[in-house]
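Visitor: Handing you this structure, nothing more for now.
The values are calculated or read from the model by the stated rules, or taken from the named source; none is laboratory data. Fair warning: this is a prediction, and the values are worked out from it, not measured in the lab. All Cβ positions, even for glycine, are placed from backbone atoms using ideal geometry, and neighbour counts span all protein chains on display. Heavy atoms of the whole protein, side chains included, go into the accessibility calculation; ligands, DNA and RNA do not. Shrake-Rupley method; radii C 1.70, N 1.55, O 1.52, S 1.80 Å.
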Amino acid sequence: MSFIKKPGFQFFIFFGIFALIAGIAHAEVSAETQYVFNTFLFLVCGFLVMFMAAGFAMLEAGSVRSKNAAAICIKNISLYSTAGLLYWLVGYNLMYGVDEGGFVGGLSVWTADDLAVGAETPDYSGGYASGSDWYFQMVFCATTASIVSGTIAERLKIWPFLIFTLVLTGFIYPIVGGWEWGGGFLDANFAFSDFAGSTLVHSTGGWAALAGAIVIGSRTGRFNEDGSVTSFPGSSIPLATLGAFILWLGWFGFNGGSQLALGSALDSVAISNIFINTNLAAAAGVMFAMITSQLLYGKVDIVVALNGAIGGLVAITAEPLAPSIGAAVFIGAVGGILVAVTTPLLLKMKIDDVVGAIPAHLVCGIWGTMIVPLTNGDASYFGQFVGVISVAIFAFVASFITWTVLKYTIGLRVTVEDELAGMDVTEFGLEAYPEFSKS
Amino acid sequence: MSFIKKPGFQFFIFFGIFALIAGIAHAEVSAETQYVFNTFLFLVCGFLVMFMAAGFAMLEAGSVRSKNAAAICIKNISLYSTAGLLYWLVGYNLMYGVDEGGFVGGLSVWTADDLAVGAETPDYSGGYASGSDWYFQMVFCATTASIVSGTIAERLKIWPFLIFTLVLTGFIYPIVGGWEWGGGFLDANFAFSDFAGSTLVHSTGGWAALAGAIVIGSRTGRFNEDGSVTSFPGSSIPLATLGAFILWLGWFGFNGGSQLALGSALDSVAISNIFINTNLAAAAGVMFAMITSQLLYGKVDIVVALNGAIGGLVAITAEPLAPSIGAAVFIGAVGGILVAVTTPLLLKMKIDDVVGAIPAHLVCGIWGTMIVPLTNGDASYFGQFVGVISVAIFAFVASFITWTVLKYTIGLRVTVEDELAGMDVTEFGLEAYPEFSKS
Amino acid sequence: MSFIKKPGFQFFIFFGIFALIAGIAHAEVSAETQYVFNTFLFLVCGFLVMFMAAGFAMLEAGSVRSKNAAAICIKNISLYSTAGLLYWLVGYNLMYGVDEGGFVGGLSVWTADDLAVGAETPDYSGGYASGSDWYFQMVFCATTASIVSGTIAERLKIWPFLIFTLVLTGFIYPIVGGWEWGGGFLDANFAFSDFAGSTLVHSTGGWAALAGAIVIGSRTGRFNEDGSVTSFPGSSIPLATLGAFILWLGWFGFNGGSQLALGSALDSVAISNIFINTNLAAAAGVMFAMITSQLLYGKVDIVVALNGAIGGLVAITAEPLAPSIGAAVFIGAVGGILVAVTTPLLLKMKIDDVVGAIPAHLVCGIWGTMIVPLTNGDASYFGQFVGVISVAIFAFVASFITWTVLKYTIGLRVTVEDELAGMDVTEFGLEAYPEFSKS
């Protein structure tokens, strides 16, 4: 077939192969379709994580005494608002503007850097709309702040709380996040692995909460001089349960969206497996928290069981993809046990954590992060340890300093009289449940 | 290369170019893939808006006194049911069957007009399943009705309320909606711009609520002869907070879905930006409502702060896409301030709005609509004014007449004795919280 | 054009046609895009159904007396956990491993059988990620268990309840489900049709609940010797309403996801129509339950109205796709009427169903299943009858035996003293609402 060597035919051969490749490629997902899938994943998972703010609000409203239930509600809705505004003004670029292997990005307001709305020519080479990514990262930032509000409920004034939230969401969390997700030193130098943020989100929130609990001190009347602890039961177990369910729901977005892409068969398989591992780690957390409390105290502790779900979820968050289902169940089960075991330990240390956020988010965040190398060969125990310690030191110290500065300037606590009367009436002039008599 | 001129080769050239174009086109999103994306957007955003019915129910249940909490719950679930049925029987075709530049469509039951289920040959030229569009528009109709129930709670009987809902969702809202979204005179002649319904949904609901509040009158004992106002605090701030969070969540569907398409990179970018603007307008609404109430009254008003979120959301709804983030924050912030400032004004006018729907939905709806031309060059202040006034006159007058007819026929209010005893017991024979003593 | 017969030209013709087909095919949805759509449908609908667990929890927490509200909360979160673990360990393969026309699958732990994460070459011939299917089926299994907890609330101990849940979710439900969805005898031999599980999920749960109510007996003091019935009003109508709304939301996932595919225009149309039918059947259920109770008892029964929504939803679940909207409204309306009519019948039979799950899930499940042939020509009344009866016998008998074995081994009920004091305090050592005085 000598004619094949003629230039015209060679042109046709080139032409035909090109068309063939283009046509066959169609059996896969086109670049723009991938872009839409990836963007939509961020938006759907983002609204699930956004709703976690309501979950924290209900968990905390149900866990405080009724005289402080309205106060914790306004804290939760205003912290979510503050987080969004600060992550726009400062946080995002501080987090993602860090140099490779670096420590901190620059200060600038975030703006969408891709495709302007109304642009004639779409440019989807980035893989997703940068706005959808911002939205998804923003709700993570807000989650970090939500963790804090519960621990230090029932004694902290609203404005110093919001100033702390401003520091946490505008600076502390973005700096820590940049070390890993922004490509900073933990990512570049230590191969630190934290898929969806057991350390970066949950431990950071936990350390901030712990520092707050120490600086602010316990609720008046909680720890008695004779060493006994007065029980301050939460005002509504059903609302706390609703909160736990909403958090569980939101966590599918939290971990699933952290795959960061939906636009291929492999990505969709990964997200499916993440959903399963996330769900069964939480399930194991509940069951093992129940069993542990039954064995230790002779009865199921409902509050511990709810926190067991959260502990299991936090534990699997560092690596929800690599584990087999059995491994995920193991990781979540240990999370549930840790919640059941460390909750009373905190009381012995006279740390007054109103909702048990420190056992669930901090302890299980460390556990989940440290166990990553068991199932993910790209991570090392040393690298994970460096990550945990680095975040611990920075988040705790920065929080401690911020709380302390606030304490000695504008003050943190309401007066003892106001605390005993309840913050709803004394700080906000209303009652959460004005018609229900207090026993 | 003379052989190119031979007919056979020309055929191949044509053939090759066709295949090449078809192959390259594949780099974008195919028509059917677009169809699926657009349809799924309506369904996902639609279920988010559907859930706003639960948000209104919780906001209102938390805002009424406990003796009327069950009554407001049944009103909310039955108004959502009524809206769906009426929008099917009458509303949709009344709204979307309007002639270009016209005033009202015709009376007919809606049926899907595209692709029948089971059809052999898909026809996706319409861009989305017409059923998904109906579903999305239906939940908007229901939202309009949800706005009304809160304002006139605690004194209105159930059946007249449902008859009004029938008129509102079957006629008033669809007629107003048709003027713009159905291609009627506001759209065709005035270039009125209302992206997701600050005026068409929220102000319409607000006018209907205002008319109702005037015709029905205030709750017994609310306004005293000496000019003072008796405070009727809501029964559960946590439920009201949950309601606000659910509304916030649902608003991502409300505004995001109003892009009406997901199936291209540009659409997905637009929806991402809408999510961001929606979120930060609400955040600014909360913070500026808090700051305003702190400055005016010396303390943060929690109810005003929750309504500040809604005010910010309503304000950005008329144009959530065009504004820069900074402009969205400004629009939402003014919304929050307006809620804080107009809530006491209503009391001076002796209008008894139980949940503050008029400041949040009506006042902020007008604000959001009138500010559209600041960021969207296709809109004019004159056109926006015409839209606001047209809707105001029709929605208020039609509602006023409907309420008045109901008042002088079957009656609107429960008796004073029944009102004082609470509608839960007197109208429904149960209590919302039968075991909790009233203070 | 004799040159066309030359081998080289024939090669080019083949080549060109191949490219042309590949290119044109691009106008539709590529195989991998379909795979992603289908997988994402399972995940999104799955998280909606997952959230139904919270809906059941709130409906039940609002329907029990406050002294048992915490107990029902822990039951709901632990049953969801148990269901997930058991469906992984046993249930899924028991259900989907059944031979064609067979009765029961084998015992083995489920593992993803397609595309391993990290595989180099995607294989998307299955149509969706098997993990997403597992997740979706798992939440259905959990729903079955959720139905049971409400009926037998306020007297059943936690651990026997969880053991029953283990049997139900690991064995009873999977066996029943395998008969139809696993390709067993109901599917192969009787053309039984149950789109999303009116019988397989809701009736199975209803039969298990009925067996439990009979074996366990009524709450102490409920049925008096003189034949009168003591009313035990639920502790929170707002929480019950929230639960009904969450269930309604989740049902879009329940029925919509049961289309099992999103990746074509036809599938997306089908899901849209399912959303509409599901919504309006529920709406009709609410309205006709309200009207029926108004006519029968002279007032709207709020609890019946909430269950009317559920009854309408259950009724349309057997066939949410084939009916016209009018037919869906009819099916849902009858569901609502059945709830209103059968709720008092249960009391006459001295069956103590705390939340009314038997009228809503069992009665309406039978109704919805039996009416399928009216709109779906592929189903027969005989085939439906065989399915209903087969499930009735197996689910009731297996449940009855399980409850009975538990009763005579570890025991089911708390003591009468503990029951009267409330399970929250006696079994769990806390109160759901510790600060609210009981009337």
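Visitor: One decimal, nm, shortest first: give the distances between the label point of C:Ile410 and those of the same position in the other copies, each label point 7 Å from Cα along Cα→Cβ.
Guide: 5.3, 5.3
Visitor: Mind running the shape call on the protein assembly as shown? Use the C-alpha gyration tensor, a ≥ b ≥ c as the square roots of the eigenvalues: rounded below 1.5 for a/c, prolate if a/b tops b/c, oblate otherwise.
Guide: It comes out rounded by the Cα gyration axes.
Visitor: A follow-up question, please. Is the shape of the stretch A:179-250 rounded, prolate or oblate, going by the alpha carbon gyration tensor and its root eigenvalues a ≥ b ≥ c, with a/c under 1.5 for rounded and a/b larger than b/c for prolate?
Guide: oblate
Visitor: Suppose only helical runs count, i.e. DSSP H with n ≥ 4. What mean residue ellipticity at 222 nm does that imply for chain A under -39500 (n - 2.57) per run, divided by all residues and rounded to the nearest 500 deg cm²/dmol?
Guide: Helix-only estimate at 222 nm: -21000 deg cm²/dmol.
Visitor: Then there's this: Quick one: if you stick a label point 7 Å off each Cα along the C-beta vector at C:Phe385 and A:Thr111, how many nm between them?
Guide: Taking the simple label geometry, C:Phe385 and A:Thr111 are separated by 7.3 nm.
Visitor: Please report the net charge: other residues with Cβ closer than 12 Å to the Cβ of C:Gly383, K and R +1, D and E -1.
Guide: Here the charged neighbours net out to -4.
Visitor: Rank C:Phe400, C:Phe382, C:Phe185 by mean-square fluctuation in a GNM of chain C with C-alpha springs under 10 angstrom and give only the top-ranked residue.
Guide: Between C:Phe400, C:Phe382, C:Phe185, it is C:Phe382 that shows the largest mean-square fluctuation.
Visitor: With every protein chain left in place and a probe of 1.4 Å, what is the accessible surface of C:Phe330, to the nearest 10 Å²?
Guide: 100
Visitor: On to the next question. For chain A, with a Gaussian network of springs between Cα atoms less than 10 Å apart, report the residue from A:Ser399, A:Ser125, A:Ser380 with the top mean-square fluctuation.
Guide: In the Gaussian network model the winner is A:Ser125.
Visitor: When all C-alpha to C-alpha distances in chain A are sorted into bins of 20 Å, what percent of pairs does each bin hold, rounded to whole numbers?
Guide: Result returned by the calculation: 25, 53, 16, 4, 1, 0.
Visitor: Which FRET efficiency, nearest 0.05, do A:Ala191 and A:Ser125 yield, Cβ-Cβ r, R0 35 Å?
Guide: Here the calculated transfer efficiency is 0.80.
Visitor: Determine the shielding of peptide A:258-268 by partner chains: average, over its residues, the number of Cβ atoms on other chains within 10 angstrom of each Cβ.
Guide: Mean shielding count: 6.
Visitor: So how tilted is helix A:381-408 from the main axis of chain A? Cα-based, degrees 0 to 90, rounded to 10.
Guide: Here the helix axis deviates by roughly 50 degrees.
Visitor: Sticking with this one: Hand me the chymotrypsin sites (Phe, Trp or Tyr not before Pro) from the stretch A:125-178 located in a DSSP loop with no more than 14 other Cβ atoms within 10 Å, in residue order please.
Guide: Loop-located and lightly packed - none at all.
Visitor: Nm distances between the label at B:Asn189 and the same-position labels in the remaining copies, 7 Å along Cα→Cβ, shortest first?
Guide: In nanometres, ordered from closest: 7.1, 7.1.
Visitor: Another question, then. Excluding A:Gly177 itself, calculate the net charge of residues whose Cβ lies under 12 Å from the Cβ of A:Gly177, where each Lys or Arg counts +1 and each Asp or Glu counts -1.
Guide: Details: positive: none; negative: A:Glu180, A:Asp187, A:Asp194.
Taking every other residue near A:Gly177 into account, the sum is -3.
Visitor: Still on this structure, please answer the following. Hey, what angle do you get for helix B:265-297 against the long axis of chain B, alpha-carbon based, 0 to 90 degrees rounded to 10?
Guide: With rounding to tens, the tilt is 20 degrees.
Visitor: Right, another one. Among residues other than B:Leu406 whose Cβ falls under 14 Å from its Cβ, what is the net charge (Lys/Arg +1, Asp/Glu -1)?
Guide: +4
Visitor: Can you list, shortest first in nanometers, how far C:Gly126 lies from the same residue in the other copies, with each label 7 Å from Cα toward Cβ?
Guide: 3.4, 3.5
Visitor: Interface C/A, total buried accessible area with a 1.4 Å probe, nearest 100 Å²?
Guide: Chain pair C/A: roughly 6100 Å² of buried accessible area.
Visitor: Just read off the accessible area of B:Trp403 with the full protein assembly in place, 1.4 Å probe, to the nearest 10 Å².
Guide: Its accessible surface works out to 0 Å², give or take rounding.
Visitor: Of the candidates C:Pro238, C:Pro323, C:Pro174, which one comes out as most mobile in a Gaussian network treatment of chain C with C-alpha springs shorter than 10 Å?
Guide: Its mean-square fluctuation being the largest, the pick is C:Pro238.
Visitor: Relative to the first principal axis of the alpha-carbon coordinates of chain B, what is the inclination of helix B:204-216, with its axis defined by its Cα atoms, in degrees from 0 to 90 and to the nearest 10?
Guide: 20
Visitor: What is the dipole size for the protein assembly as shown, taken about its Cα centre, with +1 at each Lys and Arg Cβ and -1 at each Asp and Glu Cβ, in debye to the nearest 20?
Guide: 1360
Visitor: Evaluate the distance, in nm, between pseudo-label points positioned 7 Å from the Cα of C:Leu296 and of B:Gln294 along their respective Cα→Cβ axes.
Guide: Taking the two extended label points, one gets 5.5 nm.
Visitor: Let me know the longest stretch in chain B that avoids all GluC sites (Glu not before Pro) found in a DSSP loop with at most 10 other C-beta atoms within 10 Å. Mind showing how you got there, number by number?
Guide: Details: sites that count: B:Glu120, B:Glu225.
That would be B:226-439.
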